[in-house]
Amino acid sequence: MSGTSVALSGGGHRASLFGLGVLLYLADAEKNGSVNSISSVSGGSLTNAYIGQVLDYRGASAAEFREKAGRPLASMIANQGTFFAPVRTKIYVVVLVVSLLAILIAPWFLPIECCWSALVVMAGVPLWIWLIYGLRGRVCARAFRDMLFSQDGQPTLMSQLESAVDHVIYSTDLRTSEPVFFCRSFVYGYRFGPGTPSDLQVADAVQASACFPGGFPPVKMPAKRFGFQGPPKGSGLKAPASRLVLVDGGVYDNMGDEWARGYAARLRQWDALSPDREPDTLILVDSSVNPAWNPFPAVTIPVISEVASMLRDMDVLYTNTTTTRRQALIERFDRAQRSGSGLHGALVQISQSPFHVASRFQDADKEWPERAARARATIARLDPQTEAEWARIAHENATLPTTLNALGQETSARLLRHGYVLAMCDLHVILDYPLLDIPGPKAFDELVAP
């Protein structure tokens, strides 16, 4: 095994910038040279794919990464946003709202009987959903293309991403209930087998990765486009249907760790996969947040009550699955550290302050003596008077909504700095990564300036 894999979770622009802050630290610490792969879902895929488009992260200097990738991406998200930034999107939103209001209101002013007006509305709404509302996925992909994923006026293809790092963007296929991975040189799903990205545009892959259920319709792609080789021999599985039906990668795994975590098993199923790319270290950047505790309202209205219950059910399922995955990964990392073999790693979680992990290990001299020493050094580097301030920053960042709107300069700089400092502190304690000087806000204010 060799190299490091970085996993970027979902969470809209919150995840894009928090993950970018972590990658900025790795570059400053000169640890980007060991990164073999960056995997991502949803908002993390915006950052992942953009980096793969503009430079070789593995070979870039810290200054080069900051100027070519960090500054343009951070400034765009802070000041323009992505989905809602293009004029085309704004026009679409206006047409979406005006056309719906026209369908719902205009028929009642026609010189016809009320029953006929009702029939016009009943026929018009499904037509509106099919012709206008159903276009929002295409509008999103085009916005991603216009704002981020085009070069010299032409859309960037997956095959054009940098090859030194595997930029793995993944979505969830609803028909197989499994992830589908998109990369420069391959497309892979367990039941589909390996294929090639063909002429797939980066914007389309990212939109499939960020296709939040309810917000955007599923993305449908013909399987023959990728020339899949079929499921592993001896698996007893049949090739799936002729189309992929894709939604947000976070539906299967919102932390983006599946690529690295399952690499060893994938090697046994896929002969062409390189064993040299199997990671020995996983840095999991988790920008997802669990819903805050709220008493469930006593809704008794039919339909509304059922919908509210279903939404809360989804929150409970999400919370339990992500919490269990995090706990299992941390236990796996600790076993590898104790035994000296297996997948090492660390979690950088947006809801935590830079003091959190260091405080946990500062007195663990018997169980983790080396971590304890590094934890005390970390706390000494952090100004104790800033502990309450960092707790506030962590809370504010963790409670930001999942959005594709512009976040503003203050919020964006705060996310970048939090990701940077938290990664430095946590990775120093857990993995003995370099403990650098704590950067002030000004360094990140400059990145988000228009």
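The table below lists the values:
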read-out: Zone of Q151's modelled label, taken as backbone nitrogen in region 67-99 under 19 Å from a point 7 Å along Cα→Cβ; value: 67-74
read-out: Aspartates and glutamates with Cα under 15 Å of K68, excluding same-chain neighbours fewer than 8 positions away; value: D28, D56, E162, E446
read-out: Helix 387-398 vs. the chain, principal-axis angle (Cα, 0 to 90°, nearest 10); value: 30
read-out: Sum of -39500 (n - 2.57) over DSSP H runs of 4+, divided by residues of the chain (222 nm, nearest 500); value: -15000 deg cm²/dmol
read-out: Probe 1.4 Å - accessible area at Y433, Å² to nearest ten; value: 20
read-out: Lysines with Cα under 17 Å of K224, excluding same-chain neighbours fewer than 8 positions away; value: K238
read-out: Alpha-carbon centroid distance for the pair region 1-46 / region 160-230, whole angstrom; value: 19
read-out: Contour excess over end-to-end distance, with Cα ends at W130 and E30 and 0.36 nm allotted per residue; value: 31.0 nm
read-out: With Cα atoms, 0 to 90° folded angle of helix 409-431 axis to the chain main axis; value: 40
read-out: Projected label distance in nm at S117 and D199, using a 7 Å step from Cα toward the beta-carbon; value: 5.0
read-out: Under 13 Å from K442, Cα to Cα: aspartates and glutamates that are on another chain or at least 8 residues apart; value: E410
read-out: On Cα atoms only, tilt of 136-147 relative to the major axis of the chain in degrees; value: 50
read-out: Heavy-atom SASA rank of S34, S42, S242 (probe 1.4 Å, accessible area, largest first); value: S242, S34, S42
read-out: Accessible area (Å², per residue) of the chain, counting only protein heavy atoms and a probe of 1.4 Å; value: 45
read-out: Accessible area (Å², 1.4 Å probe, nearest 10) - S177; value: 80
read-out: Cα centroid separation - region 82-110 against region 424-450, whole Å; value: 44
read-out: R0 of 51 Å, Cβ-Cβ distance H395-S99: FRET efficiency to nearest 0.05; value: 0.80
read-out: Förster radius 35 Å - calculated FRET efficiency between R338 and R175 (Cβ-Cβ, nearest 0.05); value: 0.30
read-out: The chain: antiparallel DSSP beta bridges as a percent of all, rounded to 5; value: 50
read-out: Added length on full extension, which subtracts the Cα-Cα distance from 0.36 nm per residue, R225 to A241; value: 4.5 nm
read-out: Residue-level accessible surface for L407, protein heavy atoms, 1.4 Å, Å²; value: 30
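The values are calculated or read from the model by the stated rules, or taken from the named source; none is laboratory data. These numbers come from a predicted model, not from an experiment. Quick reminder, even Gly has a Cβ in these numbers, built from the backbone with ideal geometry, and neighbours come from all protein chains shown. To get the accessible areas, we keep the full protein, side chains included, count just its heavy atoms, and leave off ligands, DNA and RNA. Shrake-Rupley method; radii C 1.70, N 1.55, O 1.52, S 1.80 Å.
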